[in-house]
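Student: Starting off with a structure, shown below.
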Amino acid sequence: MARASPAFRMKTFAILNGPNLDRLGKREPHIYGSATLADLESQLRAEFGAVARLEFFQSNHEGELVDKISALAEAGVDGVVINGAALTHTSVALRDALAGSGLRAVEVHISNIYKREEFRHKSLTAPVCLAVITGLGLEGYFAALRFLLKSGA
Ligand code: DQA
């Protein structure tokens, strides 16, 4: 029987969602769709659960997200998918947390932020992420995880 290589280690990724994304499915469905955050999480587990450990975290509070990023850095996770939601456009604290964490992060937005109001066009966090995926709907989270799985150590 084939044995798992001793070098094999299942990677761990965190999927972080910011303010109001707990209301996915109810909140402006014409923009964000009808799937809930729980739907997204179970779809991601179904797709990646066999090949990666996934940890989900959502908060409406900036400081809680900052604390979570710091904890993930200490834990040494392999990557982060972050939809900072409105904090993307405002939070120096979130940007500094990501920059200081050393974590490989991909920023995701469900909607295309560049097709929307001007205040959404600026992301404070994008420059400290490896990439930004915006406007692919929930598929953006899958694409981000696929990229993180294939790249990196
Ligand atoms: C969002 C876009 C942000 O501008 C907005 O504040 C959100 C969601 C998106 O996923 O499209 O809450 O990050």
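For (1) more than 9 Å from the ligand (Cβ to nearest atom); (2) under 24 Å from H30 (Cα atoms); (3) of a type in the set (F, W, Y), each residue gets a yes or a no:
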{"residue": "H109", "(1), (2), (3)": "no, yes, no"}
{"residue": "R116", "(1), (2), (3)": "no, yes, no"}
{"residue": "T134", "(1), (2), (3)": "no, yes, no"}
{"residue": "A143", "(1), (2), (3)": "yes, yes, no"}
{"residue": "F147", "(1), (2), (3)": "yes, no, yes"}
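Student: Scan S111, S151, S70 and give me the residue that is on the phi < 0 side of the Ramachandran plot, surrounded by fewer than 20 Cβ atoms within 10 Å (Cβ to Cβ) and at pLDDT below 95.
Tutor: After ruling out the rest, the residue left standing is S151.
Student: Kindly indicate which of H89, H109 is without any contact (Cβ under 8 Å) to a residue 40 or more places away in the chain and touching a Phe, Trp or Tyr at 6+ places or on another chain (Cβ under 7 Å).
Tutor: Only one candidate qualifies: H89.
Student: On the given criteria, is A7 at pLDDT 95 or above, out of contact with any helix residue (DSSP H, G or I) (no Cβ under 8 Å at 6 or more places or on another chain) and open to solvent by 10 Å² or more (accessible area, probe 1.4 Å)?
Tutor: Judged against the criteria, A7 is not a match.
Student: Quick check on region 90-105: of everything there that is within 20 Å of H61 (Cα to Cα) and either open to solvent by less than 30 Å² (accessible area, probe 1.4 Å) or polar (S, T, N, Q) (or both), which residue is nearest to the ligand (Cβ to nearest atom)?
Tutor: It comes out as T90.
Student: Here's a follow-up. For region 118-132, what are the residues that are within 12 Å of the ligand (Cβ to nearest atom) and either open to solvent by less than 30 Å² (accessible area, probe 1.4 Å) or modelled with pLDDT under 95 (or both)?
Tutor: Within region 118-132, S123, T125, A126 meet the criteria.
Student: Follow-up question, since we're still on this one. Of everything in region 10-44, what is touching a helix residue (DSSP H, G or I) at 6+ places or on another chain (Cβ under 9 Å) and of a type in the set (A, V, I, L, M)? Give them in sequence order.
Tutor: Once the filter is applied, which keeps residues that are touching a helix residue (DSSP H, G or I) at 6+ places or on another chain (Cβ under 9 Å) and of a type in the set (A, V, I, L, M), region 10-44 yields A14, I15, L16, L21, L24, A35, L37, L40, L44.
Student: Examine region 133-145 for a residue that is open to solvent by 70 Å² or more (accessible area, probe 1.4 Å), in contact with an Asp or Glu (Cβ under 9 Å, 6 or more places away or on another chain) and in contact (Cβ under 8 Å) with a residue 24 or more places away in the chain, and state whether such a residue exists.
Tutor: no
The values are calculated or read from the model by the stated rules, or taken from the named source; none is laboratory data. For clarity, every value in this text was computed on a predicted model and none was experimentally measured. Glycine gets a Cβ as well: all are built from the backbone with ideal geometry, and neighbour counts include every protein chain shown. Surface areas here come from the heavy atoms of the whole protein model, side chains and all, with no ligands, DNA or RNA. Shrake-Rupley method; radii C 1.70, N 1.55, O 1.52, S 1.80 Å.
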